[in-house]
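Following: one structure in structure tokens, then a few remarks.
The values are calculated or read from the model by the stated rules, or taken from the named source; none is laboratory data. The structure displayed is predicted, hence computed values, not measured ones. Because the Cβ atoms are built from the backbone with ideal geometry, glycine has one as well, and the counts that use them run over all protein chains shown. Heavy atoms of the whole protein, side chains included, go into the accessibility calculation; ligands, DNA and RNA do not. Shrake-Rupley method; radii C 1.70, N 1.55, O 1.52, S 1.80 Å.
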Amino acid sequence: MQKFKFDREKYLNIFRTQGVGVALTALQKDTERWEYEAFEGRAGYNPEMWEELEKVRDFSRELWDKHLHS
């Protein structure tokens, strides 16, 4: 399994240029892939990766908050 890599700036750039809907859709698609890897990857369940995904979920809420307060 390759190292889990979450790039906040990728989604912030999408948010700034294309809006919250496009940014959250891109984030959701990537999150689905990461969740699959966390549970069904070659190594099986990866608890460290699952815990890291909590940061992604927090960031998703942060994007909504930015949208609501802009």
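Key figures
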{"item": "The one condition in (1) within 25 Å of LYS66 (Cα to Cα); (2) touching a helix residue (DSSP H, G or I) at 6+ places or on another chain (Cβ under 7 Å); (3) touching a residue at least 40 places away in the same chain (Cβ under 8 Å) that ALA26 fails to fulfil", "result": "(3)"}
{"item": "In the range 5-37, residue most open to solvent (accessible area, probe 1.4 Å) [restricted to those that are among the small types (Gly, Ala, Ser) and over 13 Å from the mean Cα position of the chain (by Cα)]", "result": "GLY21"}
{"item": "Where a residue in the range 40-52 is more than 17 Å from LYS5 (Cβ to Cβ) and its partner, wherever it lies, is assigned to a helix (DSSP H, G or I), with Cβ under 7 Å and at least six apart", "result": "TYR45/PHE39"}
{"item": "Pick from the range 24-65, criterion touching a Phe, Trp or Tyr at 6+ places or on another chain (Cβ under 7 Å) and at pLDDT below 95, ranking: farthest from GLU9 (Cα to Cα)", "result": "TYR45"}
